[in-house]
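Notes to accompany the following structure.
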Amino acid sequence: MQQAFRASIFHCLGDPGPHGDATAVEHIEDGVLVVDDGHVTRIGPADEVLPSLEAGAALEDCSGKLIVPGLIDCHVHSSQVDIIASYGEQLLDWLNKYAYPAEMRFVDEEHARAVAEFFLDELLHNGTTTAAVFATVHPQSADALFAAAEARNMRVIAGKVLMDQNCPVELRDDPESGYAESKTLIEKWHGRGRLGYAITPRFALTSSEAQLEAAGRLAAEHPDAWVHTHLAENQEEVDEIGRQFAWSRSYLDVYDHFGLLRERSLFAHCLHLDTADRALMAEKGGAGAFCPTSNLFLGSGLFDLQAMADAGVRVGLATDVGGGTSMSMLRTMSEAYKMLHLQGQSLPASRALYLATLGAAKALYLDEFVGNFEPGKEADFVVLDPEGSQITARRAAAAETLDELLFSLIFLGDDRNIAATYVMGRISGDGL
Ligand code: GUN
Ligand code: ZN
């Protein structure tokens, strides 16, 4: 069935960079997005596209609104929605006090199912259609997440967490059970519909060398699966890594040593890296997830986007809920702007959107499928409504350019401005 959506349409063709290169984006003021069988087949100006639609095409008039590609959250914990915004600690204490107790509850399959549904609905409600997600150590938490994602036809990369030391005993697997359970989950879910599996060692502190070695073996046996972990988030953590892996040159070197740095390896945070680390990450095809709300909330440090981009590392934006404080990629973009501003770096609206769409898709090696409206890609998109709240409506009325409008929506917008989220051409969510 052919569908057509008329609106102002904006997407990225490449990285607009720190100066907002206009040739890296496409904006069609009065445009039409054409979708056939869930895939984009054309975008163009309304006066050109409308006459060419099939006779039976379903035309949705979203005039006055802005259509952008579905947002992509490169790193988030489904199990932490109940402890988002928990007061007062830095990473290691925060994990012990809030994250680990919340994750223990996922031994209960019913709880895992209920949270997975809430979590994915909340993503969609915020315009996020693709996400790379940490479940918990319990295989049933990954099963629940994949099942709920499949029911919504979302692109979700997820995995059962591997952790066998330096954490509560209730949350420990062991090198053999973690390997076997991950393997079973890969066979069940990886490549099924829009789902992908990520081998998910939590971070090097919570895995023994035997477990990291087993994770590396899995990564070698499944080169098209993802590797998803945390890297160099907090100085205390980095110092502890230096003691635990005294033989290593750096934190990243630990993962590299065990075969966990390769294409489709995704590292959340990447705050305390040096030039050699960034060069190695770029050379091996690893990607960094930039988690500004989390880094500011946990007092972890500042992400150096310029250094990562100069080194040629793939970077995508991420909420890192529940260390992160918002499910909204709009809010996340605005915090990214502030964090970069503090370092004398700029983030134009177009690049902020790039980091949450095409840039994120490249970081996840999914740009063949999602990230912009190139014909052939899956039709995941968001209808942004500048009139969603009084303040955005007022600010939008005063905006003279698309850049100005987009920037104001990034800073002032929230889920009230997400008029609809479409997953492969189908509107999703309750009441959207
Ligand atoms: N490092 C290891 N585990 C976690 C986690 O759950 N959240 C964050 N922000 N960092 C981590
Ligand atoms: Zn995280």
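Based on the inverse mean of 1/r over its pairs of different Cα atoms, what is the Kirkwood hydrodynamic radius of segment 108-211, in Å?
So the Kirkwood estimate lands at 13.9 Å.
Per residue, how large is the accessible surface of the chain? Use a 1.4 angstrom probe and give square angstrom.
36 Å²
Under the 0.36 nm per residue contour assumption, what length would be gained going from the current alpha-carbon distance of Asp174 and Lys188 to full extension?
Extra length from Asp174 to Lys188 when fully extended: 3.0 nm.
Would you mind telling me the share, in percent, of accessible area of the chain contributed by carbon and sulfur at probe 1.4 angstrom?
Of the solvent-accessible surface of the chain, carbon and sulfur hold 49 percent.
Starting from the Cα of Glu404, step 7 Å along the direction of its Cβ; do the same at Arg426; then give the gap between the two resulting points in nm.
Here the answer is 4.1 nm between the modelled labels.
Mean shadow of segment 326-393, computed from the convex hull of its alpha carbons, in nm²?
Numbers: hull surface 23.5 nm².
Its average projected convex-hull area is 5.9 nm².
For segment 360-432, what is Rg from Cα atoms divided by 2.2 N^0.38 Å, rounded to two decimals?
Expressed relative to 2.2 N^0.38 Å, the Cα Rg reads 1.27.
Tell me which lysines have Cα within less than 20 Å of Lys188's Cα, excluding those fewer than 8 residues away on the same chain?
Answer for Lys188, where 20 Å is the Cα cut-off: Lys160, listed by chain and number.
For segment 1-107, state the semi-axes of the equivalent ellipsoid (square roots of 5 times the eigenvalues of the alpha-carbon gyration tensor), sorted largest first and rounded to whole angstrom.
So the equivalent ellipsoid measures 43, 19, 11 Å along its semi-axes.
Can you compute the FRET efficiency between Asp108 and Tyr87 using 1/(1 + (r/R0)^6), with r the Cβ-Cβ distance and R0 = 35 Å? Round to the nearest 0.05.
E(calc), rounded to 0.05, equals 0.85.
Only Cα pairs within less than 10 Å get springs; with that Gaussian network setup on the chain, which residue of Ala307, Ala393, Ala151 has the largest fluctuation?
Ala151
Between Rg and the Kirkwood Rh of segment 278-432, both from Cα atoms, what is the Rg to Rh ratio?
Numbers: Rg = 16.1 Å, Rh = 16.5 Å.
Ratio value, two decimals: 0.97.
Taking only Cα atoms of the chain, what ratio of Rg to Rh do you get with Rh as the Kirkwood inverse-distance radius? Provide the component values of the computation, followed by the final result.
Values: Rg = 20.9 Å, Rh = 21.6 Å.
For the chain, the value is 0.97.
Taking Cα centroids, how far is segment 113-177 from segment 351-387 in Å?
Comparing the Cα centres of segment 113-177 and segment 351-387, I get a distance of 22 Å.
Counting DSSP beta bridges with both partners in the chain, what percentage is antiparallel, nearest 5?
Of the beta bridges lying entirely in the chain, close to 45 percent run antiparallel.
List, in order, the whole-Hz ³J(HN,Hα) value for each residue of segment 134-139 obtained from phi through the Karplus relation with A = 6.51, B = -1.76, C = 1.60 and θ = phi - 60°; use x for Gly and Pro.
7, 8, 10, 5, 7, x
The values are calculated or read from the model by the stated rules, or taken from the named source; none is laboratory data. From a predicted model like this one, the values you see are computed outputs, not experimental measurements. In this analysis, Cβ positions are derived from the backbone assuming ideal geometry, glycine residues included, and neighbour counts consider all displayed protein chains. SASA here: full protein model, heavy atoms, side chains in, ligands and nucleic acids out. Shrake-Rupley method; radii C 1.70, N 1.55, O 1.52, S 1.80 Å.
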